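The values are calculated or read from the model by the stated rules, or taken from the named source; none is laboratory data. In this text the structure is predicted, and so the values were computed from the model without any measurement. Here the Cβ is made from the backbone with ideal geometry for all residues, glycine too, and neighbour counts use every protein chain on show. Just the protein is used for accessible areas: all its heavy atoms, side chains included, with ligands, DNA and RNA removed. Shrake-Rupley method; radii C 1.70, N 1.55, O 1.52, S 1.80 Å.
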Amino acid sequence: MSTAIISRLVSVEPVVKKQVELNNGVLMPILGFGTFRIKGYEVIHSVLDTALQAGYRLIDTATVYQNEEDIGLALEKLLPKYNLKREDIFITSKLAPSDHGNYDVVSKAVKLSLKKLRTSYIDLYLIHWPGLQKTPSENDDNLKGRSESWAALSKIYLEDKTLRSIGVSNYTSKHLNQLLSKPSAVVPVVNQVEFHPYWQQSDEFHEIHNKANIIPQAYCSLGGSSVHKLLEDPIVKTVAEENKFTSAQILLRWALQRGYAVIPKSVTAGRIQENADINFSLSDGSMTSLSNIKTSEKFAWNPDVVS
């Protein structure tokens, strides 16, 4: 998996400007700015101002983050400040678990996101979760619902110009195999999942992505709500000291060299800039040390339980 992204990079420096070609030909920045739990117009405007100045061009949001409207307004005001146009940035949003369903239901959700984001198209739209809201994890309605949703998104993607690419999030090997088992299915371009040294996904998971040419995109790269636990891990700290970078920079660089795109988030200007400054390479020894960390811990909800 270590060369999945590296071998497909469009050669542009620095890392914050590097892009990977998705399986439909669309170019996506490998480093983006996450906005989970960042809410309120003033805060959104401030962090996006800093992010754009630092060179970020991918903004990741979702319906359930409840910040699409503020992001749309902020970008409308900020893009001219940096002499940028809409096509210079890459916006990702996601279908909420409450919006799974047929074409009419999904289309309504997409149109609402477009309206809130003040854009005529979204670069990447993901199914946020493989399960349906208020549906028991073991219920087979989850499979039926997400299958309907994928069919609807595929129709919008193929027949409309409002979605440049579509993908999934929190899909396990099982969920991906179910989706890909249909010969006519549109192949997701991205699967956004939790990934860090404490939760490294399985070999089977990575094999599926390689075979189907799906880019894995990592969230919780720095530990999510347990950020300090991962950043203070003794092995992470040792590698950081040896390489003279921060623990956060080391974790992000490790994920990139493992073949993942990353979307770190922060509301602190210095850390937003720091997360973008990962223009270095980790040695095989450093990579092995991080990949061999024995702690196993997941910081976000576990999709494994969803039927």
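Which one of these does Lys155 not meet: (1) open to solvent by 70 Å² or more (accessible area, probe 1.4 Å); (2) not in a helix (DSSP H, G or I)?
Of (1) open to solvent by 70 Å² or more (accessible area, probe 1.4 Å); (2) not in a helix (DSSP H, G or I), only one is false for Lys155: (2).
Checking the structure you have, find out if any residue of the stretch 236-243 is charged (D, E, K, R), open to solvent by 20 Å² or more (accessible area, probe 1.4 Å) and part of a loop (DSSP other than H, G, I, E, B).
No, there is no match, as no residue in the stretch 236-243 is charged (D, E, K, R), open to solvent by 20 Å² or more (accessible area, probe 1.4 Å) and part of a loop (DSSP other than H, G, I, E, B).
Tell me which residues, restricted to the stretch 247-304, are charged (D, E, K, R) and farther than 17 Å from Glu13 by Cβ.
Across the stretch 247-304, the qualifying residues are Arg258, Lys265, Arg271, Glu274, Asp284, Lys294, Glu297, Lys298, Asp304.
May I ask you to say which residue of Asp140, Asp104, Asp99 is out of contact with any Gly (no Cβ under 9 Å at 6 or more places or on another chain), open to solvent by 50 Å² or more (accessible area, probe 1.4 Å) and under 27 Å from Val26 (Cβ atoms)?
Going through Asp140, Asp104, Asp99 in turn, just one is out of contact with any Gly (no Cβ under 9 Å at 6 or more places or on another chain), open to solvent by 50 Å² or more (accessible area, probe 1.4 Å) and under 27 Å from Val26 (Cβ atoms): Asp104.
Only one residue in Ser307, Ser289 is surrounded by 15 or more Cβ atoms within 10 Å (Cβ to Cβ), within 30 Å of Ser137 (Cβ to Cβ) and among the polar types (S, T, N, Q), so which one is that?
The match here is Ser307.
Need at least 1 residues that are touching a His at 6+ places or on another chain (Cβ under 8 Å), at positive phi and at pLDDT below 95 per element, so show me which helices (runs of 4 or more DSSP H) inside the stretch 19-119 make the cut, counting only ones lying wholly within it.
none
Might you let me know whether the stretch 186-200 holds any residue that is polar (S, T, N, Q), assigned to a helix (DSSP H, G or I) and open to solvent by less than 30 Å² (accessible area, probe 1.4 Å)?
no
Starting from the stretch 249-267, take each residue that is without any contact (Cβ under 8 Å) to a residue 12 or more places away in the chain and list its partners that are assigned to a helix (DSSP H, G or I), counting only C-beta distances under 7 angstrom and pairs at least six apart or across chains.
Once the first residue is without any contact (Cβ under 8 Å) to a residue 12 or more places away in the chain and sits in the stretch 249-267, no partner that is assigned to a helix (DSSP H, G or I) comes close enough.
Report whether or not Trp150 is in a helix (DSSP H, G or I) and either closer than 30 Å to Trp254 by Cα or modelled with pLDDT of 95 or more (or both).
So Trp150 passes the test.
State yes or no: is Ile250 hydrophobic (A, V, I, L, M, F, W, C) and assigned to a helix (DSSP H, G or I)?
It is true that Ile250 is hydrophobic (A, V, I, L, M, F, W, C) and assigned to a helix (DSSP H, G or I).
What about Leu132, is it under 18 Å from Trp301 (Cα atoms), crowded, with 19+ Cβ neighbours inside 10 Å and without any contact (Cβ under 8 Å) to a residue 40 or more places away in the chain?
yes
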